[in-house]
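A short worksheet on the structure shown next.
The values are calculated or read from the model by the stated rules, or taken from the named source; none is laboratory data. The model shown is predicted, which means the values in this text are computed figures rather than measured ones. Counting neighbours? That spans all protein chains shown, and the Cβs are built from the backbone with ideal geometry, glycine included. For accessibility, only protein heavy atoms count, side chains too; no ligands or nucleic acids. Shrake-Rupley method; radii C 1.70, N 1.55, O 1.52, S 1.80 Å.
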Amino acid sequence: LAARAASAERRMRNAAEFLAAAKGREGLPRPEGVSEAARGFVGAEWTPLVTTLGSLEAKRLAASPRWASELTIRLHRAGIREGSVVAASFSGSFPGLAVAVNAACEALGARLVAVSSVTASTFGATEPGFTVPEMEARLSGAGLLPRASVAISVGGDDDAGRDLPPEGLALASRIAR
């Protein structure tokens, strides 16, 4: 179990580095107070995809690769084994935790089936091209983690983006499609 937990932590660290490098190549600034290591999972404070206020401290904490290790252990203790199916709902507000769950399930040999939302609270997966579904696609395409999402929602109020400005709702809807 310790080896599987360490593997999950490595996968999440590799995913964070990959996403941080991609954001850098695309010219996205690193938010003030965010380390380079957390940059891949912490987005801009305000974009058209922001639904509500979030805590920068919570987003930085959720970006720690230790979550993948800890979730591997906890899922194992809960009875998740090779061949188990795990269902999850991923908010764009905490992309680090979405990746941590994916890495933990991969390390345990479990199949993750998720519904992911596009929009996020401040400092979450707020940047077009780096929403939770888009991060998942990037990581899957690079062979770093398997694709888990079987459905994508706009997110936000009533899971329909009712709290977004019109341009944000149009953008989130395009990404979800």
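Accessible area per residue, 1.4 Å probe, Å², for the range 53-165: what's the number?
Per residue, the range 53-165 has an accessible area of 42 Å².
Full-extension gain between LEU1 and ARG174, please, as 0.36 nm times their residue separation minus the C-alpha to C-alpha distance.
58.2 nm
Go through HIS76, THR131, SER153 and say which Cα lies farthest out towards the positive end of the charge dipole of the chain; charges sit on Cβ, +1 for Lys and Arg, -1 for Asp and Glu.
The listed residue farthest towards the positive side: HIS76.
With a point put 7 Å past each Cα toward its Cβ, work out how far ARG30 is from ILE73 in nm, to one decimal.
2.9 nm
Toward the positive end of the charge dipole of the chain, about the Cα centre and with charges on Cβ (Lys, Arg +1; Asp, Glu -1), which of ALA2, LEU97, TRP46 goes farthest?
Positive-most Cα among the choices belongs to ALA2.
Looking at [x] 0.96; [y] 1.29; [z] 1.12, which value of Rg/Rh (Cα atoms, Kirkwood Rh) comes from a calculation on the structure shown?
[x]
Only bridges whose two residues both fall in the chain count here: according to DSSP, what percent of them are antiparallel, nearest 5?
Roughly 0 percent of the beta bridges in the chain run antiparallel, per DSSP.
Taking the chain as a Gaussian network, Cα atoms linked when under 10 Å apart, which of VAL42, VAL50, VAL150 shows the biggest mean-square fluctuation?
VAL150
Give me the dipole magnitude in Debye, nearest 20, for the range 65-177 about the Cα centre, with unit charges on the beta carbon: positive for Lys and Arg, negative for Asp and Glu.
That gives the range 65-177 a dipole magnitude of about 420 debye.
Over the range 1-93, how many percent of alpha carbon pairs lie in each 10 Å bin up to the one with the longest distance?
With a bin width of 10 Å, the distribution comes to 15, 40, 31, 14, 1.
If a paramagnetic tag sat 7 Å from the Cα of SER84 along the Cα-Cβ line, which residues of the range 96-114 would have the backbone N under 19 Å from that point?
97-114
At 222 nm, what helix-only mean residue ellipticity would the chain give, in deg cm²/dmol to the nearest 500, using -39500 (n - 2.57) for each DSSP H run of four or more?
-14000 deg cm²/dmol
Test of understanding: in a Gaussian network model of the chain with alpha carbons linked when under 10 Å, which of SER91, SER140, SER69 would top the mean-square fluctuation ranking?
SER140
Inverting the mean 1/r over all pairs of different Cα atoms, compute the Kirkwood radius of the range 128-177 and quote it in Å.
About 11.6 Å, per the Kirkwood formula over Cα pairs.
Just to be sure I understand: with springs between alpha-carbon atoms less than 10 Å apart, which residue in GLU106, GLU127, GLU26 has the highest mean-square fluctuation in the Gaussian network model of the chain?
Fluctuation is largest for GLU26.
Place a +1 charge on the Cβ of each Lys and Arg in the range 1-100 and a -1 charge on the Cβ of each Asp and Glu, then give the dipole magnitude about the Cα centre in debye, rounded to the nearest 20.
Charge dipole of the range 1-100: 320 debye, to the nearest 20.
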